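The values are calculated or read from the model by the stated rules, or taken from the named source; none is laboratory data. On a predicted model such as this, the values are computed, not experimentally measured, just so you know. Positions of Cβ are backbone-derived with ideal geometry, glycine not excepted, and every protein chain shown enters the neighbour counts. Only protein heavy atoms, including side chains, enter the accessible area calculation; ligands, DNA and RNA are left aside. Shrake-Rupley method; radii C 1.70, N 1.55, O 1.52, S 1.80 Å.
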Amino acid sequence: MSLPVIDLVAGARPNFMKLAPVARALTDAGQLRFRIVHTGQHYDEAMAEVFFRELGIPKPDVNLEVGSGSHGAQTARIIERYEAHLLSNRPDATVVFGDVNSTAACALAAAKLLVPVAHVEAGLRSFDRTMPEEINRIVTDALADLLLVSEPSGVTNLRHEGIPESKIRLVGNVMIDTLMGQLEKARERGAARKLGLEGRRYGLVTMHRPSNVDDPAILGRMLVLLRELSGDLPLVFPVHPRTRQAALKAGLGELVAAGQAGLICVDPLPYLDLLSLAQGAALVLTDSGGLQEETSILRVPCLTMRENTERPITVEQGTSRLVGNDATIIRTAFHEALTGKWGHGAGIPLWDGKAAGRIAMELSSWLIRN
Ligand code: UD1
């Protein structure tokens, strides 16, 4: 009997860290065959290929090469190209990850062709529809047949939305599988030493959300604040392409340029370098979803530069605090973190490095039952 075939779909940077352990667990379990579909939403070596290499993800079976564009154009291109792939290579199911445009677009293409959809990281809600990711989460979960959830809030949210209990599985956080699997290698990488920070305290910054970078006034305020804070603590700032472009367009290029004294601006970093910096940092300032989770497990204070989070467990039981983009609040929190006035967090249930194994098991029993 031939094994069921599933598509594992990834498109943008945070997807790759989620897909890697699931692909490995499926290979180990040997009950399903999978194909890796890369939509090409992210395409730069530093935003995509390096993650495949470092995380040992097999080369994509298919690359849809959709590239960048407005939300409508990019989403439409993904739907069109993934639909064509489905029509000629129909899988038994499609598995999508996270909340990027590729996630919602491929779920939609599959659901229209009655290909069952599983969503890894289902149920998270920021309740803020100004975030493009929130729209992607709602659309994907409405279409998914199997909802694999990383934290209990996700289960509550899905129940409130009327998703039948039979579709929901709390499996834990697969990003943490990758973190735990790579931590030793990340430590050995010594990314801080390479930046001349050996033996020194430093902070790590990432910032790319539209709410922080798309409005030149807000972006300017944030970059000036980072420069100010870097007078007290050197800050390593890998600059996302969206942020760099927005800064250049707003005439703020010098604030994201290399060669500043305390604010060490670098290109986007490979996973191992980022993890290496995060685990050794005195604090992290970020608007990333993934880093809120990673710092919680690493027990590093995380100042989350957002008004809300779809990952409330990182605030309740982790090390994240929502500081928005108000300079006074960020300044106060920064000094509290620096002087040790910050919670260490507690362990988070099911963020144990074994989520991918549970996902592989759920996928197998779901497909073999159906
Ligand atoms: C996307 C995700 C976001 C995720 C982020 C991680 C959506 C809606 N957003 O945001 O949830 O946190 O990825 O990085 O899917 N660009 C490059 N090279 C690349 C890719 C993009 O230069 O390889 C530039 C392009 O100019 C592009 C811009 O970055 O227009 C934004 O890329 P896009 O994929 O639209 O969204 P992100 O901001 O990366």
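Observations on the structure shown:
- Single residue of the range 61-76 satisfying the filter (surrounded by 17 or more Cβ atoms within 10 Å (Cβ to Cβ) and within 12 Å of Ala104 (Cα to Cα)) that is nearest to the ligand (Cβ to nearest atom): Gln74
- Residue satisfying condition, being open to solvent by 30 Å² or more (accessible area, probe 1.4 Å), free of Cβ contacts under 8 Å to residues at least 40 places away in the same chain and at positive phi, within set Gly231, Gly196: Gly196
- In the range 298-326, residue least open to solvent (accessible area, probe 1.4 Å) [restricted to those that are over 14 Å from Thr286 (Cα atoms) and not in a loop (DSSP other than H, G, I, E, B)]: Ile313
- Any pair with Cβ under 7 angstrom, 6 or more apart, that starts in the range 169-189 at a residue that is within 19 Å of Phe52 (Cα to Cα) and among the charged types (D, E, K, R) and ends at one that is part of a helix (DSSP H, G or I) and open to solvent by less than 80 Å² (accessible area, probe 1.4 Å): Asp177/Pro21; Asp177/Ala355; Asp177/Ala356; Lys185/Leu272; Arg189/Leu272; Arg189/Asp273; Arg189/Ser276
- Any hit, the range 87-100, residues being among the β-branched types (Val, Ile, Thr), within 8 Å of the ligand (Cβ to nearest atom) and open to solvent by 10 Å² or more (accessible area, probe 1.4 Å): yes
- Within the range 37-60, none of the residues are aliphatic (A, V, I, L, M), open to solvent by 10 Å² or more (accessible area, probe 1.4 Å), within 21 Å of Leu143 (Cβ to Cβ) and free of Cβ contacts under 8 Å to residues at least 60 places away in the same chain.
- Any chance Ile135 is more than 26 Å from Leu252 (Cβ to Cβ), in a loop (DSSP other than H, G, I, E, B) and either open to solvent by 70 Å² or more (accessible area, probe 1.4 Å) or touching a Leu at 6+ places or on another chain (Cβ under 9 Å) (or both): no
- Residues that are within 16 Å of the ligand (Cβ to nearest atom), in contact with a Leu (Cβ under 8 Å, 6 or more places away or on another chain) and open to solvent by less than 10 Å² (accessible area, probe 1.4 Å) within the range 101-117 comprise Ala107, Ala109, listed in sequence order.
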